[in-house]
Amino acid sequence: MKAFTGIKSIIFAGTALMVSGCGTTVVDLDNPEEKAAMSNVMALEYRDFEKAANKAVQEMISSGAVTNRSGGRYVLVISRITNDTMQKIDTDQLIKKIRTQLLQSGKVVVTSAVGLDGAEDPMVMKARQLRKSKEVNQANVAKKGTIVAPDLSLSGKIIQRNLDLDFGGERVEYYFQLTLTDLTTGLAIWEGETPIIKEGRKAPIW
Amino acid sequence: MKKTVIGLSVLLLTSACGSLDRQKAADFRAVYEKGEYCQASAVSLGTSEYCQKDSQVTPDDMELLDTLNGGSALFAAKAFANSDRLFAYSAKNIDEYEKASMLEDGGRAAVDILANASLHGYSPYIMDGIYTGAYLILGNLALGDKAGARIEVNRAYQKQKEASEVFRSEIKEQSEAAAKETQKLDKDNRKKAAKNEEEIIAKHYQDLKKWRAYKDFMNPYVTYLSGLYLLNNSSGAGDYENASMYMKRTAGMVPKNRTVLKDLQLAESYAGNKAGDAKKRRHVWVVFENGMVATLEALSLNIPVFLVSNELSMIAFSVPKPKEGKIAYPSLGVSLGGQKQVKTELLADVDAMFISEFNKRFPVILSKAIAATTFKAIMQYQIQKNDTNGVGSLIMAIYTIMTNQADLRSWQSLPKNVQVARLEVKDSGKLKLFAKGKEIAKINIPKDKNSLVYVRIPEPGAKPSVAVMEL
């Protein structure tokens, strides 16, 4: 009886595993075909952030705004990116992609020592507190005046507009707006906007 | 026969839920009115532990009315994180309900006909979903999450924009279902039902016609909070334009409110970049949620129904009727340092919003109730006629009495009205609140930042719940 119960459990578990496996599709994001074939959603998703980031970086580079004519690389600080949508999204999803690509371009480095609400990486300042420690070899403790001030600041806004279509259904318009400011002059040296338009049902409020 | 008895017994048992709902509502209100908010949350949520800062409510599977009442009780108890969770859950549920009712095939309305409306889950009013937006904006500010508050401002805008369309769909669906049920009645009873409907409205509901709220289910409180948020948290010129637009709309709804007019001027000067030194001035806004909103009471009526041809019988049933809410105080006095005391002014008449929406819904509610009552009376008569041992008749009679009850549920922890006042913060950070000339609270507010003071007083003498939020 016990053996029979055991076999039944195995069959049941196996069936459950097969059934649950059938409903899941793992998308390989490195495969462009699989990525393009992903189901569409009205909310903001991976591909939208990727598209907006790619476009912004390409435009920034081709405009020459991030090319330091005196040589070397510009230091960029990330300013406020306002989420003006109806969805709880992490704006870092967009910014991380932009940062990574700019860094890879070799034209820009991003500072972690400065941010609107303090240093993005608090360890920059924390490590400087080791100056007082007799336990720490002071040779490679950061000296005063070594933090590099940023040259450029990147700020932006993600906007959402939900619209009813005349013949049923809804349209959601997203706008990724970014501004690159020269911190020395205060002038906006590059601005870009990537609209992402989706039509379907159930425009996201949540 | 056996099947009928079992079926009716099950319905009988479930109909008892309506009585339990009423008891729970009465228990909740009794403690909430006194300002015992943690106790009130315990009535709604089954425990008072969510009042504690280290607790975390997981609202999955909670009833909507419990999360709305429990959410506002926790908000007044200043348990903002849990209150926010409950309101976010409520808002999502309301949204799903509204989207579903736009697609539903009348299934919900058919349940009303068979039993009574209070047997199934609470059907939210349009104003519930919109008002939830006010608590979500305030809750995020109270938690210091300004980015979260911005999302709620956007959601609240969308909700108000969609309100009329959602209402039209709901009423259309319910009207169609009620008409379908009325069609099941014979010709004489159909005619009688229509006449009964006219007579009841003319005789018992004329006094409610005086209640007029704001166009398209707009809630000036939510609109105002949205404007106030953008005025204080602009991320660019566009936000000041939007703040000005929100203030303009609010002023259109409450044109006599001087605070709103001053805020509109301020927003317009910011939007036109003409504010100059005004931007350096610091302000404190006081929003006062005053009293308790209108509730629904049962109105017992007898209507004539043809059980057999040419013979009218009087059948008892009950329908909901709003009873006006009560204020705690006509207004609050607010003073800061040596400045002249100012009075809070009406920003939103919540009673009017509730009763005017009820008025719009009532013809369908009544039509459904009459169809259901007539249908059940005929069913009862037929069972009695063919019942040999009397058991079926007895069960049917009790069932009819219990299911002819009106659905009296509503979000009852809302205030009767909301008022607002604004003061400039100069040298003092000590804000005093007065009710009928007597000081009722003294609060420290930030001197170097704009802030909002939330005040809730459900009835005269109740201890005010006061929270300071940075804007």
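When the residues of region B:1-39 are filtered to those that are touching a Leu at 6+ places or on another chain (Cβ under 9 Å) and crowded, with 20+ Cβ neighbours inside 10 Å, which remaining residue is modelled with the lowest pLDDT? The qualifying residue modelled with the lowest pLDDT is B:15. Those strands (runs of 3 or more DSSP E) of region B:286-391 in which 1 or more residues are in contact with a Pro (Cβ under 6 Å, 6 or more places away or on another chain) occupy B:295-308, B:311-323, B:345-349.
Considering each residue of region B:231-274, count those that are in a helix (DSSP H, G or I), away from chain A (no Cβ under 14 Å) and farther than 21 Å from residue B:219 by Cβ, and give that number. Final tally of qualifying residues: 6. Taking region A:65-124 as the range and being charged (D, E, K, R), assigned to a helix (DSSP H, G or I) and more than 14 Å from every other protein chain (Cβ to nearest Cβ) as the test, the residues that pass are A:96, A:97, A:99. Counted as qualifying within region B:121-210 are the helices (runs of 4 or more DSSP H) with 3 or more residues that are under 24 Å from the mean Cα position of the chain (by Cα) and of a type in the set (A, V, I, L, M, F, W, C), namely B:126-142, B:146-183. Residues in region B:49-79 that are surrounded by fewer than 20 Cβ atoms within 10 Å (Cβ to Cβ) and either part of a helix (DSSP H, G or I) or touching a Cys at 6+ places or on another chain (Cβ under 7 Å) (or both): B:49 alone.
The number of residues in region B:150-181 being within 11 Å of chain A (Cβ to nearest Cβ) and of a type outside the set (Lys, Arg) comes to 9.
Considering (1) surrounded by fewer than 22 Cβ atoms within 10 Å (Cβ to Cβ); (2) outside any helix (DSSP H, G or I), the lone condition that residue B:213 does not fulfil carries the number (1).
Condition check for residue A:139 on (1) surrounded by fewer than 18 Cβ atoms within 10 Å (Cβ to Cβ); (2) among the aliphatic types (A, V, I, L, M); (3) within 21 Å of the chain's Cα centre (by Cα): one failure, at (3). Between B:131, B:97, B:122, the distinction of being of a type in the set (Phe, Trp, Tyr) and at pLDDT 95 or above belongs to B:131 only. Here residue B:144 fulfils each of the conditions (1) on the phi > 0 side of the Ramachandran plot; (2) away from chain A (no Cβ under 12 Å); (3) modelled with pLDDT of 90 or more apart from (2). Residues in region A:157-178 that are more than 17 Å from residue A:204 (Cα to Cα), away from every other protein chain (no Cβ under 12 Å) and free of Cβ contacts under 8 Å to residues at least 60 places away in the same chain: 2 in all.
The values are calculated or read from the model by the stated rules, or taken from the named source; none is laboratory data. A quick note: this is a predicted structure, and the numbers were derived from the prediction, not measured. Don't worry about glycine lacking a Cβ; one is built from the backbone with ideal geometry, like all the others, and counts go over all protein chains shown.
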